[in-house]
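Step one of this worksheet: look at the structure below.
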Amino acid sequence: WTVLVAGAVGIALVVNDAAIVHALTDAPAVKESLAVLIRVYAVAGVFDALQNVLAGALRGCGRSGLSSRAYFACFYGLMLPGAVAAAVWQPSATAVWVAIGVGLLVSATVFACLCFTQDFEQLAVEAMRSSSNDKSASLVC
């Protein structure tokens, strides 16, 4: 659902980019840059939504540490240096957002790989074992 909703929002942004830009500014140079940024975000937003949901799925499976390490590696090891490099070598908002978009694509891919390699049956067994030993869980049941 995440990809469908984010994709629909992205399509709506691209289809309506002229109206959005016109509502926000009258300056031709700003209109041109803003239209490009809307299109970049229309694509990057899908990957942003996907990586957020997949990271949450890992945390929900009890793999918070794995999720945190993946976030750290992707955001601080890839996206931040990429955005800084883009700002230095191609100083524009578009270049920075393209770098962030590439980082979000990589991050979503990493989280997808991590999620799809989890043994969900084993995680469920561990969760049940953990909750049966937890005093608060026995109070609820």
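Picking from residues in the stretch 19-34 that are of a type outside the set (Gly, Ala, Ser) and not in a helix (DSSP H, G or I), the one that is surrounded by the most Cβ atoms within 10 Å (Cβ to Cβ) is THR25.
Answer yes or no as to whether LEU37 is touching a residue at least 24 places away in the same chain (Cβ under 8 Å), assigned to a helix (DSSP H, G or I) and in contact with a Lys or Arg (Cβ under 8 Å, 6 or more places away or on another chain). So that I can check it myself, show each step before the final result.
Details: touching a residue at least 24 places away in the same chain (Cβ under 8 Å): yes; assigned to a helix (DSSP H, G or I): yes; in contact with a Lys or Arg (Cβ under 8 Å, 6 or more places away or on another chain): no.
Spelling it out, it is not the case that LEU37 is touching a residue at least 24 places away in the same chain (Cβ under 8 Å), assigned to a helix (DSSP H, G or I) and in contact with a Lys or Arg (Cβ under 8 Å, 6 or more places away or on another chain).
Going by the structure shown, is ALA95 open to solvent by less than 30 Å² (accessible area, probe 1.4 Å) and part of a helix (DSSP H, G or I)? Yes: the conditions hold for ALA95.
For the structure I just gave you, tell me whether ALA73 is aliphatic (A, V, I, L, M), assigned to a helix (DSSP H, G or I) and buried (at least 19 other Cβ atoms within 10 Å of the Cβ). So ALA73 fails the test.
To keep it simple, each residue is scored yes or no on (1) at pLDDT 90 or above; (2) open to solvent by 70 Å² or more (accessible area, probe 1.4 Å).
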residue: CYS61; (1), (2): no, no
residue: PRO81; (1), (2): yes, no
residue: ALA108; (1), (2): yes, no
residue: GLU121; (1), (2): no, yes
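In the stretch 42-59, which residues are within 28 Å of ILE20 (Cβ to Cβ), of a type in the set (Gly, Ala, Ser) and either more than 12 Å from the chain's Cα centre (by Cα) or open to solvent by 50 Å² or more (accessible area, probe 1.4 Å) (or both)? Residue satisfying the conditions is ALA42 alone.
The values are calculated or read from the model by the stated rules, or taken from the named source; none is laboratory data. Small disclaimer: the values here were computed from a predicted structure and weren't measured. Here Cβ is always computed from backbone atoms with ideal geometry, including for glycine, and neighbour counts include all displayed protein chains. Note: areas computed on protein heavy atoms with side chains; ligands, DNA, RNA excluded. Shrake-Rupley method; radii C 1.70, N 1.55, O 1.52, S 1.80 Å.
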